[in-house]
Amino acid sequence: MLDFLNPIFGRHPERVKANIEIYTWQTCPYCIRAKILLWWKGARFTEYKIDGDEAARAKMAERAHGRRSVPQIFINNQHIGGCDDLYQLDKQAQLDSLLASVPEIPRLKPGA
C-alpha cells in the first residue's frame, strides 16, 4: 500500500521481521489508528476482521487473556494489547525493536 512513499517518509519495511497479527472491526477508530502506526513503521500484518463473528472474538479473547475489546495485537505470538498499548510501546522506544525481532522457530525435541 503506497510503498512508493517509503523513501519520502522514511519507512523501512525491510527492518520489520516480526510476525504481526491484529484483530479488528472494520469501523473501529482504534483499530484504524493501530493499523496506521504499523503501516507507518513499514510493518506488514495479518488482520483478522471479526465484525459479528462471535467464534473469532472468543478465539481472540482466549489468546488475549480474556480481553474482548478491539484491536488486540500480537507480535511474534506475544500479546501486546490494544491500540493504546501499541502507541505506549512506540512512545517508550520499544516498538521498533519488537518489530525487528525475528519470530522464534519452535524446536523439535530430539527423538520426536
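The values are calculated or read from the model by the stated rules, or taken from the named source; none is laboratory data. Keep in mind the model is a prediction, meaning the values are calculated, not measured. No Cβ is skipped: glycine too gets one built from the backbone with ideal geometry, and neighbour counts run over all protein chains shown.
Here are some notes:
- Restricting attention to the stretch 65-81, the residues that are surrounded by fewer than 20 Cβ atoms within 10 Å (Cβ to Cβ), in contact with a helix residue (DSSP H, G or I) (Cβ under 7 Å, 6 or more places away or on another chain) and assigned to a loop (DSSP other than H, G, I, E, B) total 2.
- Hits in the stretch 16-32 (condition: farther than 16 Å from residue 102 by Cα and polar (S, T, N, Q)): 24, 26, 27
- Conditions (1) at pLDDT 95 or above; (2) under 16 Å from the mean Cα position of the chain (by Cα); (3) surrounded by fewer than 17 Cβ atoms within 10 Å (Cβ to Cβ); (4) not in a loop (DSSP other than H, G, I, E, B); number of the one not met by residue 62: (2)
- For residue 90, the test of being at pLDDT 95 or above, surrounded by 15 or more Cβ atoms within 10 Å (Cβ to Cβ) and of a type in the set (Asp, Glu) is passed.
- The number of residues in the stretch 33-74 that are out of contact with any Leu (no Cβ under 9 Å at 6 or more places or on another chain), among the small types (Gly, Ala, Ser), touching a residue at least 12 places away in the same chain (Cβ under 8 Å) and closer than 25 Å to residue 101 by Cα comes to 1.
- The residue that is surrounded by the fewest Cβ atoms within 10 Å (Cβ to Cβ), counting only those in the stretch 1-28 that are at pLDDT below 90 and outside any helix (DSSP H, G or I), is 1.
- Looking only at the stretch 29-55, and only at residues there that are surrounded by fewer than 20 Cβ atoms within 10 Å (Cβ to Cβ) and β-branched (Val, Ile, Thr), the one that is nearest to the chain's Cα centre (by Cα): 46
- Residue check for residue 108: modelled with pLDDT of 95 or more and out of contact with any Phe, Trp or Tyr (no Cβ under 8 Å at 6 or more places or on another chain): no
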